Each structure stands twice: as C-alpha cells, then as structure tokens.
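The values are calculated or read from the model by the stated rules, or taken from the named source; none is laboratory data. In this text, all values refer to a predicted model and were calculated from it rather than measured experimentally. Heads up, the Cβs are rebuilt from the backbone with ideal geometry, glycines too, and the neighbour counts pull from every protein chain shown. Accessible surface areas use protein heavy atoms only, side chains included; no ligands, DNA or RNA. Shrake-Rupley method; radii C 1.70, N 1.55, O 1.52, S 1.80 Å.
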Amino acid sequence: MSEVKVEALLAAIQDGRPWLARFTGKEYDKAYQEYRARYAPLFREAALADGEEGVEALAEVLLDSLAEGWKRQKPWNRAMAMLNDKQMIVCYLGPVLMEDPVCAPLEAKLREGWAARWPKEAYRTASLEKIRKGFRPTFLGITLPFGGNDDEE
C-alpha cells in the first residue's frame, strides 16, 4: 500500500471539521453526496487493489495511522481528536463503505478492529437512511410534533 494512498484515505477521516460542521438536518444530504463523490472512488480502488486479504491489512494500516495521529496531538486534545475521527467514520465513511459491496468488508474490518483496540470506544454503523431519519425538527431544543421519525424500531 503506497504512502500517498494511505494519506488520501486518512484525509477522509482526519480532515473532518468541514464535514462535521455540515452534519445538520438541512445540510447533511448535500454534504454526504459531496463526501461520497470525493472519497468513495479512493476507497473502492484501495479495496480492489489488494484483494480480500488486503482489506484487513488496509483496515489495520488505517487504524494504526489514526492512532499515530492522536499521539501527535497535545495530551488535552487527544480524546477530542479520537471522537471527531469516530464521528466521521460513523456519519460519513461508514455509510459510504456500506453502500458499495466491494467496500462493505472494509467497513466491517474497521469497526471490528476499532472495537478490538479501543473496546470502551466501540461504535456501531448505520445506513444513510437510518442516519437521515435521526434528524428531527426542533425549535429552541423542543421536538416539534410533526415531520419527525414516525416509524420507531
């Protein structure tokens, strides 16, 4: 796996500030489509390049690189950097990888690898539709009685 490719893939997770700022009911759909157009081809190419065995290695390299990035942060900022990376994986990267059958095993390996390394910080991924349903109409923090998620699970 080339260093340039890993850096490009890491950017999809670590450069999340503009994406996370757009994680709102009004902007998420557009932001997600832009994110998918930018990063989905890179992850698909990486998943196809190394085959099925390479997917696990790719997940390990990405997790190692994320951990190295957190170590480079100031001690008081490490937990926030980890939280931001996890939120990027859950809200943007996870749904992108789950949509593509070629990349779905990579999403599973990333989630399992994360849970094995940091069990207290484990996460679950959700489909794009499930995330979209999570936005509810509110006014001053009060949920409005219309337009929300009517089908409870």
Counting Lys and Arg as +1 and Asp and Glu as -1, what is the net charge of the other residues whose Cβ lies under 13 Å from the Cβ of residue 83? +2
7 Å from Cα along Cα→Cβ at both residue 26 and residue 48: what's the point-to-point distance in nm? 3.9 nm
Could you do me a favour and compute the accessible area per residue for the chain, 1.4 Å probe, result in Å²? 61 Å²
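Please give the length that would be gained between residue 135 and residue 72 if that part of the chain were fully extended, namely 0.36 nm times their separation in residues minus their C-alpha to C-alpha distance (nm, one decimal).
On the way: separation 63, 0.36 × 63 = 22.68 nm, distance 3.40 nm.
Here the segment from residue 135 to residue 72 would lengthen by 19.3 nm.
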For segment 1-73, what is the relative contact order in percent, using Cα pairs closer than 8 Å and at least 6 residues apart in sequence? 44 percent
What's the angle, to the nearest 10 degrees (0 to 90), between helix 28-71's Cα axis and the longest principal axis of the chain? 40 degrees
Residues of segment 87-120 with amide N under 14 Å of a point placed 7 Å along Cα→Cβ from residue 79: 120
Roughly how big is the chain's charge dipole about its Cα centre, with Cβ charges of +1 (Lys, Arg) and -1 (Asp, Glu), in debye to the nearest 20? 800 debye
Residues in segment 74-118 reached by a label modelled at residue 17 [backbone nitrogen below 15 Å; 7 Å Cα→Cβ]: 74, 77-78, 80-82, 84-85
Where does each of 74-82, 46-54, 62-70, 86-94 land if you order them by average Cβ count within 10 Å, highest first? 86-94, 62-70, 46-54, 74-82
Nearest 10 degrees is fine. How inclined is helix 104-117 to the longest principal axis of the chain, computing both from alpha carbons? 80 degrees
Tell me which of 66, 81, 14 sits at the most positive position along the dipole axis of the chain, charges placed on C-beta atoms (Lys, Arg +1; Asp, Glu -1). 81
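Quote the relative contact order of the chain in percent (integer), defining contacts as alpha-carbon pairs under 8 Å separated by 6+ residues.
Normalised by residue count, the contact order of the chain is 25 percent.
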Can you give the Rg and Dmax of the chain based on its C-alpha atoms, in angstrom? 16.3, 52
Which sequence of 121, 112 reflects their accessible areas, 1.4 Å probe, from the largest down? 112, 121
Taking the chain as the reference, fit the longest principal axis to its C-alpha atoms, fit the long axis of helix 3-14 to the helix C-alpha atoms, and give the angle between the two in degrees, 0 to 90, nearest 10. 20 degrees
Gap separating the Cα centres of segment 1-46 and segment 100-126, nearest whole Å: 16 Å
Once every DSSP H run of n ≥ 4 in the chain is given -39500 (n - 2.57) and the sum is divided by its residues, what mean residue ellipticity at 222 nm do you get, rounded to the nearest 500 deg cm²/dmol? -20500 deg cm²/dmol
